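Asks: Next up is a structure, given as structure tokens.
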Amino acid sequence: MRSLIGSHDLLFVTLDTLRYDVAADLLAAGRTPNLARALPGGRWERRHTPASFTYAAHHAFFGGFLPTPVTPGPHDRPFAARFPGSTTVGPDTWVFDAPDVVTALRAAGYHTICIGGVGFFAMTSPQGGVLPGLFDEAHWTSDFGVTNPGCFEAQLDRLKAVLPGDGPLFTFVNVAALHQPNRHYLPGAEDDSIESHAAALEHVDRHLPALFTLVSSRGRPCRVIMCSDHGTAYGEDGHTGHRVGHEVVWTVPYAEFTLAAGAW
């Protein structure tokens with residue numbers, strides 16, 4: 001990452017609540033072809049999230065603590081706040097002197113944009129304004145939220161409208177479509193289920209080319225980090241939802257890749 005700062009735009013996408021097992025199964029079954037095209041080797045990396053719900057996970061992410069590989073570490077991090085004694089800073093880690101990576105990128109000349117999704121990015125309460133408040137621009141309407149089946153498309157429309165024409169850019173998109181309620185993505189479903197969760201991911205996959213086209217259209221290569229912030233339970237061991245220490249919550253999909261300028 002250190003070698004890319006300044007020369008590359010950055011896109012960070014959190015597919016909110018996406019389970020690793022669902023993401024991997026759909027990819028293997030050919031049900032997410034656009035992700036198959038974008039992901040390195042056509043596969044997700046299995047990782048562990050630093051937190052079991054959105055607010056805590058994103059504080060960790062912006063602080064430099066992205067989901068951790070499940071293999072024994074230590075593992076070098078792409079970016080990290082300067083902190084005495086860190087064992088996960090390597091030769092290509094971008095080390096910054098700021099409390100969070102958004103502030104650090106702004107200091108490095110990046111314009112920063114947040115396209116919010118779930119309620120922790122809604123800016124309708126003091127708590128909902130904390131994470132968006134890190135950015136130069138933060139955008140949210142109820143159309144971006146969990147109850148709108150077209151939430152991802154609405155986010156893409158807003159990004160297209162605000163995307164600057166030049167200069168280094170850091171874009172963050174929190175995609176709400178996977179989060180409950182997601183039954184509206186499965187025709188005839190009356191309740192949320194792992195099947196409707198999968199249908200929501202298929203819906204998002206159909207619209208990913210529009211996102212990748214936007215961020216690669218500025219004449220600059222774009223480094224992408226895409227992951228889930230946490231998974232969610234649909235009855236496993238009696239659990240429903242997240243903010244619990246269950247394997248389906250802690251295990252998330254993760255990927256890093258670069259989009260060449262004009263590649264999509």
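Asks: Please work out if THR71 is at pLDDT below 95, open to solvent by 70 Å² or more (accessible area, probe 1.4 Å) and of a type outside the set (A, V, I, L, M, F, W, C).
Replies: Against the criterion (at pLDDT below 95, open to solvent by 70 Å² or more (accessible area, probe 1.4 Å) and of a type outside the set (A, V, I, L, M, F, W, C)), THR71 does not qualify.
Asks: So which of LEU214, LEU169, LEU259, LEU186 ends up being at pLDDT 95 or above, farther than 24 Å from ILE115 by Cα and over 15 Å from the mean Cα position of the chain (by Cα)?
Replies: Going through LEU214, LEU169, LEU259, LEU186 in turn, the sole match is LEU186.
Asks: (1) surrounded by 15 or more Cβ atoms within 10 Å (Cβ to Cβ); (2) in contact with a helix residue (DSSP H, G or I) (Cβ under 8 Å, 6 or more places away or on another chain); (3) in contact (Cβ under 8 Å) with a residue 24 or more places away in the chain: which one isn't true of ALA122, the others all being true?
Replies: In the conditions (1) surrounded by 15 or more Cβ atoms within 10 Å (Cβ to Cβ); (2) in contact with a helix residue (DSSP H, G or I) (Cβ under 8 Å, 6 or more places away or on another chain); (3) in contact (Cβ under 8 Å) with a residue 24 or more places away in the chain, ALA122 misses (3) alone.
Asks: Only one of (1) over 15 Å from PHE12 (Cα atoms); (2) outside any loop (DSSP other than H, G, I, E, B); (3) open to solvent by 20 Å² or more (accessible area, probe 1.4 Å) is not met by GLY128, so which one is it?
Replies: Only one criterion is unmet by GLY128, namely (3).
Asks: For region 132-147, give me the residue count where each residue is surrounded by fewer than 18 Cβ atoms within 10 Å (Cβ to Cβ) and not in a strand (DSSP E or B).
Replies: Within region 132-147, the first condition is being surrounded by fewer than 18 Cβ atoms within 10 Å (Cβ to Cβ), and the residues that meet it are 133, 136-137, 141-143, 147.
Pick out the ones that are also not in a strand (DSSP E or B) and you get 133, 136, 141-143, 147.
Qualifying residue count for the region: 6.
Asks: Residues in region 84-97: is at least one assigned to a strand (DSSP E or B) and open to solvent by 20 Å² or more (accessible area, probe 1.4 Å)?
Replies: Checking region 84-97: at least one residue is assigned to a strand (DSSP E or B) and open to solvent by 20 Å² or more (accessible area, probe 1.4 Å).
Asks: Considering only residues that are closer than 19 Å to ASP191 by Cβ, in contact with a strand residue (DSSP E or B) (Cβ under 8 Å, 6 or more places away or on another chain), open to solvent by 20 Å² or more (accessible area, probe 1.4 Å) and not polar (S, T, N, Q), which ones fall in region 233-255? Step through it out loud before you land on a result.
Replies: Applying the first criterion (closer than 19 Å to ASP191 by Cβ) to region 233-255 yields 233-242, 248.
Still in the running and in contact with a strand residue (DSSP E or B) (Cβ under 8 Å, 6 or more places away or on another chain): 233-234, 239-242, 248.
Among the residues that remain, those that are also open to solvent by 20 Å² or more (accessible area, probe 1.4 Å) are: 234, 239-240, 242, 248.
Within region 233-255, TYR234, HIS239, HIS242, VAL248 qualify.
Asks: Got a number for residues in region 157-208 being open to solvent by 50 Å² or more (accessible area, probe 1.4 Å), farther than 27 Å from ASP9 by Cβ and in a helix (DSSP H, G or I)?
Replies: 4
Asks: Filter region 75-110 for residues that are of a type in the set (Val, Ile, Thr) and over 22 Å from VAL13 (Cα atoms) and give the result.
Replies: If the condition is that a residue be of a type in the set (Val, Ile, Thr) and over 22 Å from VAL13 (Cα atoms), then THR87, THR88, VAL89 are the ones that fit.
Asks: I'm checking my understanding of the structure. Among residues of region 12-67 that are assigned to a loop (DSSP other than H, G, I, E, B) and without any contact (Cβ under 8 Å) to a residue 12 or more places away in the chain, which one is most open to solvent (accessible area, probe 1.4 Å)?
Replies: Going through the qualifying residues, I end up with ALA29.
Asks: So which residues in region 209-245 are without any contact (Cβ under 8 Å) to a residue 60 or more places away in the chain and in a loop (DSSP other than H, G, I, E, B), if there are any at all? So that I can check it myself, show each step before the final result.
Replies: Narrowing region 209-245 to residues without any contact (Cβ under 8 Å) to a residue 60 or more places away in the chain: 210, 213-214, 216-217, 219, 233-240.
Passing the criteria: SER216, SER217, GLY219, GLY235, HIS239.
The values are calculated or read from the model by the stated rules, or taken from the named source; none is laboratory data. Keep in mind the model is a prediction, meaning the values are calculated, not measured. Because the Cβ atoms are built from the backbone with ideal geometry, glycine has one as well, and the counts that use them run over all protein chains shown. In case anyone asks, the SASA skips ligands and DNA or RNA and just uses the protein heavy atoms, side chains included. Shrake-Rupley method; radii C 1.70, N 1.55, O 1.52, S 1.80 Å.
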